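What follows is a single structure, written as structure tokens, with notes after it.
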Amino acid sequence: MKRIILLLSCISLFSSCASKKEQSTSLKIMSYNIRHGEGLDSTLDLTRSAKIIKSQAPDLCGLQEIDNFCLRSNNLGQTDYLAQETIMKGTFGKFMSFQGGEYGMATLSNKTLISTKVLQLPMGKIEPRSSIVHEVQIDKDCNIVFANVHFDWITDENGNSIRLSQAKALVKYIDTLNKAVIITGDFNCKPDSPTMQYFAEQGFMFVHKGKDNLSFQGKNKLEIDHVIYRNAGSVKFKEKSVRLLNEPIVSDHRPLIVELELFF
């Protein structure tokens, strides 16, 4: 009798495993350095940034150069404003105190956030830096990590060293979470830089933008805004599409939109 029960249990377990099919879902990622809402026309108008974000309807959005009740941006809590306008959950990550408020970055999400950490990164040459790291529930059977970055902006060799140290600190923390991960933001470095080479060595894949790849549209046009990802376990990403929007006035960066297929 015991043998029969054991056999039936094995058959049931095998049937359960065999019936578990791979699932997939689409995920839209957006990265946008909004220059605290001040356009290249020198006009401070955060409604323009909000309209662009809302029109794209991202699942997860990393925003850089965000003011939180700063004098230069009319003492507005920009994260709360953008979250309200886009009907998403907003999270602010402070870099430093600035003009009576705080300066930093933000994420917007329409997915459930399991956890949030504003991770302090090694000090930049002039400004502090942090990264917002979320564990995000994509499905009841699938959580991933989403990190937003804005690395140091100094352009000399010292800047290269600082950005690399910031990347290493971020990866060290992400590795403890042991999950598939997406990192997006203003990396302030090109794909062939030491920092991006380090990410490649750590198993990250780069979303390639093609010929239209210059995301920074200041005096010197550069490819410095990126989306990178790393698979883990049964969770895997596949690129579907990538676009840099043509928005020449709202900021000195173009909005980066990436659609991924997530398999789990």
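The values are calculated or read from the model by the stated rules, or taken from the named source; none is laboratory data. Nothing here was measured: the structure is a model prediction, and the numbers come from that model. With ideal geometry, Cβ positions are generated from the backbone for all residues, glycine too; neighbour counts draw on all protein chains shown.
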Which of the residues belonging to the range 57-82 are surrounded by fewer than 18 Cβ atoms within 10 Å (Cβ to Cβ) and at positive phi? ALA57, PHE69, ASN74, ASN75
Taking the range 246-262 and the residues there that are in contact (Cβ under 8 Å) with a residue 24 or more places away in the chain and surrounded by fewer than 16 Cβ atoms within 10 Å (Cβ to Cβ), the one that is farthest from ALA50 (Cα to Cα) would be GLU261
Checking the conditions here, which among LEU63, LEU27 is touching a Phe, Trp or Tyr at 6+ places or on another chain (Cβ under 7 Å), outside any loop (DSSP other than H, G, I, E, B), modelled with pLDDT of 95 or more and closer than 24 Å to VAL258 by Cβ? LEU63
Could you list, in sequence order, the residues of the range 165-182 that are among the aliphatic types (A, V, I, L, M) and in a helix (DSSP H, G or I)? ALA167, ALA169, LEU170, VAL171, ILE174, LEU177
Subset of the range 39-48 [within 15 Å of LEU76 (Cβ to Cβ) and touching a Ser or Thr at 6+ places or on another chain (Cβ under 8 Å)]: LEU44, LEU46
Residue by residue through the range 103-118, note down the ones that are in a strand (DSSP E or B) and surrounded by fewer than 19 Cβ atoms within 10 Å (Cβ to Cβ). THR112, LEU113, ILE114, SER115, THR116, LYS117, VAL118
Could you go through the range 208-221 and let me know if any residue there is buried (at least 21 other Cβ atoms within 10 Å of the Cβ) and assigned to a strand (DSSP E or B). no
